[in-house]
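Asks: If you scroll down you'll find the structure; I have some questions about it.
The values are calculated or read from the model by the stated rules, or taken from the named source; none is laboratory data. Fair warning: this is a prediction, and the values are worked out from it, not measured in the lab. As a convention, Cβ positions derive from the backbone with ideal geometry for all residues, glycine included, and neighbour counts pool all protein chains shown.
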Amino acid sequence: MAKTKEVKPALKITVKNGTVKIEILNADRLTQHGFGLFLQDAKPGEIQTDDASLKQILQQSYRSGLRPCEIFQGNIIGFCDQEFPLKELSLHGGASEWFRECAKV
């Protein structure tokens, strides 16, 4: 029987007092494009968070314009800042489903 490869967390995302903090846990999974870092093709278990932070992130909506963090459809998170107000996070339509699956609470 083939051994299942354990997924190493790439990011830890927490929300406390209205501030989002992103900690990089596996820089090898990130790609730099222009001014930001991207976790592409995120897999279940690659994002660590707590239940309260997950709920707050999933309540966010799409916001137009450049944001310090955007969660896109297609299992992609892009960010250019590691600490910013929650109201600046942009959760694109359809992205909440995969984000919930990839977040390890």
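Asks: Within the stretch 79-105, which residues are of a type in the set (A, V, I, L, M, F, W, C) and outside any strand (DSSP E or B)? Steps first, answer last, please.
Replies: Within the stretch 79-105, the first condition is being of a type in the set (A, V, I, L, M, F, W, C), and the residues that meet it are 79-80, 84, 86, 89, 91, 95, 98-99, 102-103, 105.
Of everything in the stretch 79-105, those that are of a type in the set (A, V, I, L, M, F, W, C) and outside any strand (DSSP E or B) turn out to be Cys80, Leu86, Ala95, Trp98, Phe99, Cys102, Val105.
Asks: Looking only at the stretch 18-35, count every residue that is crowded, with 18+ Cβ neighbours inside 10 Å and in contact (Cβ under 8 Å) with a residue 40 or more places away in the chain and tell me the total.
Replies: 2
Asks: Follow-up. For Gln59, indicate whether it is more than 11 Å from the chain's Cα centre (by Cα), of a type outside the set (D, E, K, R), at pLDDT 95 or above and closer than 24 Å to Asn17 by Cα. Walk me through it before giving the result.
Replies: Working: more than 11 Å from the chain's Cα centre (by Cα): yes; of a type outside the set (D, E, K, R): yes; at pLDDT 95 or above: yes; closer than 24 Å to Asn17 by Cα: yes.
Spelling it out, Gln59 is indeed more than 11 Å from the chain's Cα centre (by Cα), of a type outside the set (D, E, K, R), at pLDDT 95 or above and closer than 24 Å to Asn17 by Cα.
Asks: Also, I was wondering about something else. Yes or no: the stretch 41-54 includes at least one residue that is modelled with pLDDT of 95 or more, in a helix (DSSP H, G or I) and among the acidic types (Asp, Glu).
Replies: yes
Asks: Would you mind telling me which numbered condition in (1) closer than 24 Å to Val7 by Cα; (2) of a type outside the set (Phe, Trp, Tyr); (3) at pLDDT below 95 Gly93 fails?
Replies: Going through the list (1) closer than 24 Å to Val7 by Cα; (2) of a type outside the set (Phe, Trp, Tyr); (3) at pLDDT below 95, Gly93 breaks only (1).
Asks: Select, from Gly65, Gly94, the only residue that is touching a residue at least 12 places away in the same chain (Cβ under 8 Å), over 13 Å from the mean Cα position of the chain (by Cα) and exposed (fewer than 14 other Cβ atoms within 10 Å of the Cβ).
Replies: On the way: Gly65 fails: touching a residue at least 12 places away in the same chain (Cβ under 8 Å).
None of the others qualify; the one that does is Gly94.
Asks: Which is at negative phi and either of a type in the set (Ser, Thr, Tyr) or surrounded by 18 or more Cβ atoms within 10 Å (Cβ to Cβ) (or both), of Ala103, Ala52?
Replies: Details: Ala52 fails: either of a type in the set (Ser, Thr, Tyr) or surrounded by 18 or more Cβ atoms within 10 Å (Cβ to Cβ) (or both).
Being at negative phi and either of a type in the set (Ser, Thr, Tyr) or surrounded by 18 or more Cβ atoms within 10 Å (Cβ to Cβ) (or both) holds for just one of Ala103, Ala52, which is Ala103.
Asks: Please verify whether Phe79 is surrounded by fewer than 20 Cβ atoms within 10 Å (Cβ to Cβ) and among the aromatic types (Phe, Trp, Tyr), treating the condition exactly as stated. Please lay out each step first, then the result.
Replies: Working: surrounded by fewer than 20 Cβ atoms within 10 Å (Cβ to Cβ): no; among the aromatic types (Phe, Trp, Tyr): yes.
The answer is no for Phe79.
Asks: Within the stretch 12-31, how many residues are of a type in the set (Gly, Ala, Ser) and over 18 Å from Ala42 (Cβ atoms)? I'd like the intermediate steps shown before the answer.
Replies: First, the residues of the stretch 12-31 that are of a type in the set (Gly, Ala, Ser): 18, 27.
Subsequent filtering for residues that are over 18 Å from Ala42 (Cβ atoms) retains 18.
Going through the stretch 12-31 one residue at a time, the tally reaches 1.
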